[in-house]
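Written below as structure tokens is the structure these notes are about.
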Amino acid sequence: MPDDDSALFFIKKVIALIENEKLEDELPAIYIEAYEEQADLYKAAGHYIKSFESANKCRYLSRFGADSCITGYNSNLMALYSYGQQDYHSAIKYFKESISKVMNCEKTQRQYYVLQSVMGNLGLSYAKINNYDSALYYYKSAENYLLDNEGQYYNDTISNRIFLEQALGVVNWHISSLYKTKHCLDSAEKYIRKALYYVDKKIIENPTNDLHIPRFKLDLANLLLEKGNFREAEVILNEVKPLVPLFDAEYLSYWYESKRRLSYAQNKIEEALYNTKQYLLYRDSFDMRLKEIFKLDVISSTNVLEYQQVIRETELKNKLQQSIIIGTLIIIAILLAFLLVISRTTRRQKRTLLHQEILLQAFYEDAIGQQRNKISEDIHDDLSSSLAALRFYVLDMKNKLHDSQTLNVVNNISEELDAMYNLSRNYSHNLKNNTKVNINLFDFLTNVQNKLNGTALKIDLDINKDELDKQLNPDQSSQLYYIFSELLSNSLKHSKATCVNIMVKFVNNQCSFYFLDNGIGFNNLTVKYGIGMDSIKKRIEHLNGYFNIEPSKAGFRLHGYFPII
């Protein structure tokens, strides 16, 4: 049989021949198999990057050739490489792809081995990124898959049956470790006992020296120690003791760590210290610095006088730790008392500030009330009186006129004065009683439109009354009233317009409104806003809206919008 280097050289020649002669389409199976074999050989030689590239090439070719089995096997190889590079997220992606592809392959022994391996490796990858629930799911899937297909193993050789029991034992051991990480000790104990059942069964059928049993038993003993079952833990550790000579440094450190925990639990201080030293010795058996610290080997470490000294040192350390703990608790108590004082002071300050805020608010409300009363009285005494006198003069003039055209004009003026007089009385009353004026926007605009009918200024309205009443609340309707009222006033006074267009639309929970006239316009970069435009700006901001004025010499255009939710 040729060695790996010769085999790799031969495979490269085959691939080069196929590619140089353009035989990829004629020999697809051989081409794919060559890349698959090259990936395996690179992996065996430790060239993982080249192995990954060859597996990826094979995966691509098998996808192109609709061979899902080879795609799945190479996805598994790429996942193993990613796992070895600690790229666990990529490993998970490739393992999942491998499952989806291999699951549809022909039911062969290779498929069974690959699938159970991939499921277990998926669990291991998820555990590496601390996604323990997904890890448990795939480990249990691997266990169920092995049990559902155990006939595939039992109908074959003894070695395959041994593999099945060993695989079930390892899977259940991983599940137990995950439950222990999640602090579910009962579930962890259940699955480590299942793991022991499977490996014990394997040993009975084929007695060999297998270190899975002592490892699993040590895990079970540590679980029992955590649960406080010291008696059974001691029994299990004694069962493992005859196998200690077979252990390597890793198993020996785990053994002495378990014995140390049991000794401390049983209050056997000297034995606990001995096991601690042995645990440290084997854990760092390749660390010469540790040996220099202990100056001991396994045989001489039982010197009683030396252990008595270690015990005294341990007791002093314990007293020192107790002193540190007590001092820490005293400091914490002082800090808590300090924080309590600060908290009480802060609460008193907050109460004082709140009281002052309430007094200030009351003073503010009182001042506002007085100011409103003063304005109400001024409107009633001055404006309303002046309007009443003006009404009297207009009525007197009306009674003396006989020309029908002039009489019609005077009637319009009289009606407008009546409206102004009633509106001023309403404002005065509402200011006095701190109530809001309910204004019907649509009625106001149509009334203005009718009044200006036949004059030099024409008003076009594009407003749906039902939609207006449905979408706007009273405050929003009132604000629009004041905005349009000011804009109309500006058009009448300044713009020399002959046509005004007013539109109100509702789209996507927004109210959009437009005011356009064909007057002389203005440039908002050179003209300063007066009180009216400032009022419009503040009202739109009150509605949480925005507006834009287009500077033009051919008319005035304002577009605004605000949310209606």
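The values are calculated or read from the model by the stated rules, or taken from the named source; none is laboratory data. No experiment lies behind these values; they were computed from the predicted model shown. Neighbour counts are summed over all protein chains in view; Cβ atoms, including those assigned to glycine, are modelled from backbone coordinates with ideal geometry. Areas reflect the complete protein model, heavy atoms only, side chains present, ligands, DNA and RNA absent. Shrake-Rupley method; radii C 1.70, N 1.55, O 1.52, S 1.80 Å.
A few remarks follow.
- Applying the set (1) out of contact with any Ser or Thr (no Cβ under 8 Å at 6 or more places or on another chain); (2) open to solvent by 20 Å² or more (accessible area, probe 1.4 Å); (3) at pLDDT 90 or above; (4) under 14 Å from residue 562 (Cα atoms) to residue 508 leaves exactly one unmet item: (3).
- Residue within region 190-205 that is at pLDDT 80 or above, among the hydrophobic types (A, V, I, L, M, F, W, C) and either in contact with a strand residue (DSSP E or B) (Cβ under 6 Å, 6 or more places away or on another chain) or more than 25 Å from residue 169 (Cα to Cα) (or both) present: no
- When region 108-128 is filtered for residues that are open to solvent by 30 Å² or more (accessible area, probe 1.4 Å) and touching a residue at least 40 places away in the same chain (Cβ under 8 Å), the ones remaining, listed by number, are 109, 117, 121, 124, 128.
- Every pair of residues 6+ apart whose Cβ atoms lie under 8 Å, when the first sits in region 318-341 and is of a type outside the set (A, V, I, L, M) while the second is open to solvent by 100 Å² or more (accessible area, probe 1.4 Å): none
- For region 361-416, filtering for residues that are in contact with a helix residue (DSSP H, G or I) (Cβ under 8 Å, 6 or more places away or on another chain), at pLDDT 70 or above and not charged (D, E, K, R) leaves 12.
- All positions within region 535-560 that are without any contact (Cβ under 8 Å) to a residue 40 or more places away in the chain, of a type outside the set (A, V, I, L, M, F, W, C) and out of contact with any Lys or Arg (no Cβ under 8 Å at 6 or more places or on another chain): 537, 538, 541, 544, 545, 546, 548, 551, 552, 553
- Residue 289 loosely packed, with under 11 Cβ neighbours inside 10 Å and either part of a loop (DSSP other than H, G, I, E, B) or at pLDDT below 50 (or both): yes
- Boolean, residue 10 is in contact with a Pro (Cβ under 9 Å, 6 or more places away or on another chain), at pLDDT below 75, surrounded by fewer than 23 Cβ atoms within 10 Å (Cβ to Cβ) and more than 16 Å from residue 94 (Cβ to Cβ): no
- Note on region 57-98: among residues that are β-branched (Val, Ile, Thr) and modelled with pLDDT under 75, the one that is surrounded by the most Cβ atoms within 10 Å (Cβ to Cβ) is 71.
- Residue within region 483-503 that is of a type in the set (Asp, Glu) and open to solvent by 40 Å² or more (accessible area, probe 1.4 Å) present: yes
- Verdict on residue 472 being closer than 27 Å to residue 412 by Cα, of a type outside the set (Phe, Trp, Tyr) and either touching a helix residue (DSSP H, G or I) at 6+ places or on another chain (Cβ under 9 Å) or open to solvent by 40 Å² or more (accessible area, probe 1.4 Å) (or both): no
- Members of region 451-492 found to be modelled with pLDDT under 85 and either within 45 Å of the chain's Cα centre (by Cα) or among the polar types (S, T, N, Q) (or both), listed by number: 453, 455, 489, 490, 491
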